[in-house]
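A short worksheet on the structure shown next.
The values are calculated or read from the model by the stated rules, or taken from the named source; none is laboratory data. Note that the structure is a prediction, hence the values are computed from the model and not measured. Here the Cβ positions follow ideal geometry from the backbone for every residue, glycine too, while neighbour counts run over all protein chains shown.
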Amino acid sequence: MQVDEWADDGPGWHRADAIVRRVHAPTFPARDVFVDDHGAVADGATDCSEAIAAAIDTARRAGGGRVIFSAGTYRTGPIRLFSHINLHVAAEATVQFIPEPERYLPPVLTRWQGVEMMGYAPLINAHDAENVAITGAGTLDGGADNEHWWPWSGFEAYGWHAGITAQADDWEHLVELVRREVPPTERVMAPGRNLRPNFIEFYRCERVWVQGVRILRSPMWEIHPVLCTGVLVEDVHIDTHGPNNDGVDPECCTDVVIRRCRFDVGDDAIAIKAGREDDAERVGVPCRNVVVEDCTMTMKYGAFTIGSELTSGVQDVYVRNCTIGGPSLWYGLYIKTNAARGGYVENVYVDNVDVSELRRELLSCNFLRGRGWTGHGPRPYGTSGSPTSGSVGRGAPSTWPASRTVPSRTCRSPRVRSSRWQSPTRSRTSSA
């Protein structure tokens, strides 16, 4: 759908309101199961993995309910969630994940940078579940640091050194498996391969809720719903500065609401994704109907990012009433892909966003991201229908829009209306 067909409908914000009405917190049976009653010891030393699994199983067999972590620090391996389970972390509780890769086996079906594989289990994960949640005012600590998980990134700043296989090498192996059309369940990348797990991953789930928790020290991406419908992330504080530490990355999802969250992260705060290259073309599911509202982003790369895993396409994204900016934040709205990945972006609205400080552009479209540049790639891609309205930027760079594209592949129909751009020494108003 092109801009001119809907440019005068408000512009389209009634659609955002409709998404918010559809996406609401799931309800759970009035049943509380305490992990302490199943043998968990919150002393910061005892391995509580079996006790936590037993508590979840008790709730599951009874029809669902809250599985509660009370005060203290609980050490554990990966946690598997099921339908009608609400993992509740009380304000005084910390769930601390043991950073030993062998604990995150056997491998599970997951996605790594948009490609399906059998990899290390995400620290908290659910597959084919409905009405599933993580709530509370407590802390989830992934345990990653320059000695655990992060060195696999291949960056010396995060502990990599000669003798450690970097993720780029194992990524090449995964790409080769895709080229050979090896089925996802036979692309076994753990153990023995250094592709880090994401922190929280919901795979093919319906009615997902993450609320209130604080997330620290993630191995890689923080919250990663894949092929999900009805995702609500609210009042979450993500404070983790490792490599590839994206905040919330909905991938190939429908109806997603992210609100009242704070992002202090090591990569993109929010990155909307749609799979990558041949693998995404096989699955063919776009990401659509995403609302981001009342959030704060202070670092590091894109505040609101679309891509770079973009092959199946992204459409109908609404961002409003947010505050972004900081000395370490690069972009405001960042759209990225390349000729190999392809894809499309349609109907992106931004309204009432307060921008205090950016290192680079407020709006950047980069179609040369990563490798894959040909200039004449066969896969159509681009952006259309991406207006911003009513935005406020203070101290934003004067070169706020930037576009890096291949020949004949451009950003089409961007519009900026009723916006105010201010700097410490002057201000200007745009009525474009």
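Couple of notes before you dig in:
- Test: residue in the stretch 209-218 that is assigned by TED's automatic domain parsing to the domain that holds Ala126, aromatic (Phe, Trp, Tyr) and not in a loop (DSSP other than H, G, I, E, B): yes
- Residue check for Tyr344: under 21 Å from the mean Cα position of the chain (by Cα), at pLDDT 85 or above, under 20 Å from Val292 (Cα atoms) and crowded, with 23+ Cβ neighbours inside 10 Å: no
- Per-region count, the stretch 330-354, residues among the aliphatic types (A, V, I, L, M) and either touching an Asp or Glu at 6+ places or on another chain (Cβ under 7 Å) or within 18 Å of Arg276 (Cα to Cα) (or both): 4
- Only one of Pro78, Pro122, Pro101, Pro106 that is within 30 Å of Glu277 (Cα to Cα) and surrounded by fewer than 17 Cβ atoms within 10 Å (Cβ to Cβ): Pro106
- Matching entry among Asp255, Asp235, Asp246 (being under 24 Å from Val285 (Cα atoms) and surrounded by fewer than 24 Cβ atoms within 10 Å (Cβ to Cβ)): Asp255
- Scanning the stretch 118-149 for residues that are within 19 Å of Arg66 (Cβ to Cβ) and among the hydroxyl-bearing types (Ser, Thr, Tyr) gives Thr135, Thr139.
- Of the set (1) modelled with pLDDT of 95 or more; (2) over 24 Å from Gly77 (Cβ atoms), all apply to Val175 but (1).
- Number of the condition not met by Pro219 [criteria: (1) over 30 Å from His24 (Cβ atoms); (2) surrounded by fewer than 21 Cβ atoms within 10 Å (Cβ to Cβ)]: (2)
- Scope the stretch 125-156; condition surrounded by fewer than 16 Cβ atoms within 10 Å (Cβ to Cβ) and free of Cβ contacts under 8 Å to residues at least 60 places away in the same chain; matching residues: Asn146, Glu147, Glu156
- Restricting the stretch 178-206 to residues that are in a strand (DSSP E or B) and in contact with a Cys (Cβ under 9 Å, 6 or more places away or on another chain), the residue that is nearest to Thr139 (Cα to Cα): Phe202
- Each residue in the stretch 299-329 was checked for being among the small types (Gly, Ala, Ser), modelled with pLDDT of 90 or more and over 25 Å from Glu277 (Cβ atoms), and 1 pass.
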